[in-house]
Structure formats: C-alpha cells, structure tokens
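Notes follow the structure.
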Amino acid sequence: MPLSTLPKTSLRLTEHRLLGENVSFQLSPNTSGPFESNAPDTIVVHFTAGSSLQSSVDVLTSADSGVSAHFVIGRNGDIVQLLPTNQIAWHAGVSAYAGRTDLNRYSIGIELDNAGQLKPRDDGLFESWFGKRYDKSETIEALHPNQSVMGYWHKYTDIQIAKTASLCRLLCAHYPISTLVGHEEIAPSRKVDPGPAFPIEALRKLLMLGAYEQESQSHKDNLTNEIAVRQETHERSENTVHNKKGRVASVSANTLNVRKGPSASFALVDNTVQKGEVLKILETQGEWAKVSFTKIGWVNTQYINEISERLPFEG
Ligand SMILES: [Zn+2]
C-alpha cells in the first residue's frame, strides 16, 4: 500500500487528549507533572523494541518501569495515549540536543511498535532480542549513523508511518513544535531508535511544509509521496548514498544564511541559526551543503565546520 497521500484522518486533540477512530487512553503513572510554558516544542520518535502494542503499553503504564510516553502506535495503526500532552512523560532519558539537556521537559514522546534491530540467523531468518523471527521481507538492511557496520532493522508498517505523520501534524497545530528528532539523535551513545527504517527526514520535510500555509497543496502531496517513495527505495538508497555515516557540522558564522538551493541566488529559508549550533549534513554539492536542523536548506560550507558526529552530544 503506497502512501500516495496521507489518509483522511479523524484524529483530533481536545484538552490534551487525542480522540478519533482506533484511539484509546490508558493512563501511565510515570509523569513529572505539567510542562512549563512554551513546551512541548519537540517531538521525539522511538521504537518500542517490544513484541506487541499491548506488551509495550503494559511496560509504559507500570509504575515499576519508570518509563512512559505520550503515545504508542501499533502496527495496525491503533494509537494508545498514555499521558495528556500537557504532562511530562519519561521517554528520553539522559539526553541532549541543540544546547538543551533532559529533553523530557520539552518533548512529546511517540513510541512505535517495532522489534528494532534484528540479528541475521544461519537459516536466512532474522531474530529480535526477544526471540521472534522475521522474514527478510520484513527487514531493511542499512547502516545506522550511530553504528559502524550494516545492520538489519524491522520495517514499520505503512499505516503506522501514516498515523505517525498525522499525529505529528496535529501536534504541530496545537503546540509550538519546532523540532522532530529520533531518540538516537538526542542520546546517540545509548540509543538507535527509531533507526534507519523510519523515514524521519521525509517526515521533517512534510511537517515543515505543513507550517507554511502559502505552499500549494500539490507541493504538499509531492512531499507526502516522498515518504512513500523513501520507504520503498530505502533498502536500495541506503546502499548507494555517499552519506552513509551521519555527518554533522557546527556553524562558524555569526549569521548563517540557509537557502532553498545550492547557490546564493536561492531564496532564504532561515537566518536564525547561531554560531556553534550543530547541523546534520544531508549531502554536498561543490561548496554548498544541504543541511537539516529544525528545517532543511542549503548553506555555504565556508560557514560551517564538519565535526565528528558524537562530539557535540557527549559529556
Ligand atoms: Zn527510545
């Protein structure tokens, strides 16, 4: 089922509670209370590395576990909300991103039911840490930016990705969300979720456009298509892209002009990125680099310094 457009969604958010078809609520006791003002401004995507939606909900609602999240999305698209979206959940752990630590204080946590990284077996099947076996067709072979060798990753379902996108759009409409990150990006020395099987760059693009109402619907549809295309071509592209290792750079200019294309003649996308901030390099063309932060655009490489990926996040 290719995602030609986001399916029409019945999801809505009322008083920090998600309502709609196939949505349920099961309260987790694991919260630090309400967010401070101006939060949440970030969404963190995770995989559960669990065996089922229910088993993950059980863990995330158990007082003993010390973990929680706002939402868990099943492989059939069912969504279970565990905390109202104005309450702090415990999903990020020790974390740092863009100069802030303890991302739980700023973020909505979305967990996707997915077995995570799988081990290849001698018989051609792939095994999760909890012993379930998967056919090769259920996996993606890809290099995780935080790892040094190729790995096998449990695929997400189309409906799961579509529901995640719809939920993120809804959250962006209700809260001042400026950042979408994977857990692996805010705790790179500990975490590999949601991993290479999740199309996070395409989702970032989609959400960025969602905030710009002057963009045409056809343009939005193109980007929605890109999520599907990216999913379908993921296995191939992961093997061919030159940017296998996650490349990052810090900003060396006091003001960085981020443009729509790889030359100074393209329109500005952003000029608020500050000296010292860290960007992800997606690709380079001549002296221009396509970078991702809360937005995606092109910068002249003379104003950034490429650095070792883990450096800015550790310590
Ligand atoms: Zn996680």
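Given 155/205; 275/295; 119/205; 136/290; 119/280, which pairs have Cα atoms separated by over 24 Å? All intermediate terms of the calculation are to be shown ahead of the outcome.
Details: 155/205 21 Å; 275/295 16 Å; 119/205 31 Å; 136/290 33 Å; 119/280 28 Å.
Those over the limit are 119/205; 136/290; 119/280.
Once both labels are positioned 7 Å from their Cα atoms along Cα-to-Cβ, the gap between residue 201 and residue 24 label points is 3.8 nm. Qualifying trypsin sites (Lys or Arg not before Pro) in the stretch 136-208, where qualification requires a DSSP coil assignment and no more than 16 other C-beta atoms within 10 Å, comprise 190. Measuring nothing but how far apart in sequence close Cα pairs (under 8 Å, 6+ apart) lie, relative to its length, the stretch 1-157 scores a relative contact order of 22 percent.
Mind ranking 16, 183 by accessible surface for me, highest first, 1.4 Å probe?
On the way: 16 65, 183 10 Å².
These residues rank, largest area first, as 16, 183.
In this rough spin-label picture, where each label sits 7 Å from Cα along the Cβ direction, the residue 123-residue 10 distance is 4.1 nm.
Which percent of the accessible area of the stretch 247-308 is formed by carbon and sulfur heavy atoms (probe 1.4 angstrom)?
Summing carbon and sulfur atoms, their accessible area is 43 percent of the total for the stretch 247-308.
For residue 35, the amide hydrogen comes within under 5 Å of the amide hydrogens of 87, 88, counting only partners 5 or more places away or on other chains and with H modelled in the peptide plane. Residues within the reach of a label modelled at residue 32 (point 7 angstrom out along Cα to beta-carbon, backbone nitrogen below 17 Å), restricted to the stretch 43-69, are 43-44, 66-69. Between residue 306 and residue 250, full extension at 0.36 nm per residue minus the direct alpha carbon distance yields a gain of 19.5 nm.
The values are calculated or read from the model by the stated rules, or taken from the named source; none is laboratory data. As the structure is a prediction and not an experimental result, all values here were calculated from the model. Glycine also receives a Cβ, built like all others from the backbone with ideal geometry; neighbour counts cover every protein chain displayed. Surface accessibility is based on the protein's heavy atoms, side chains included, excluding ligands, DNA and RNA. Shrake-Rupley method; radii C 1.70, N 1.55, O 1.52, S 1.80 Å.
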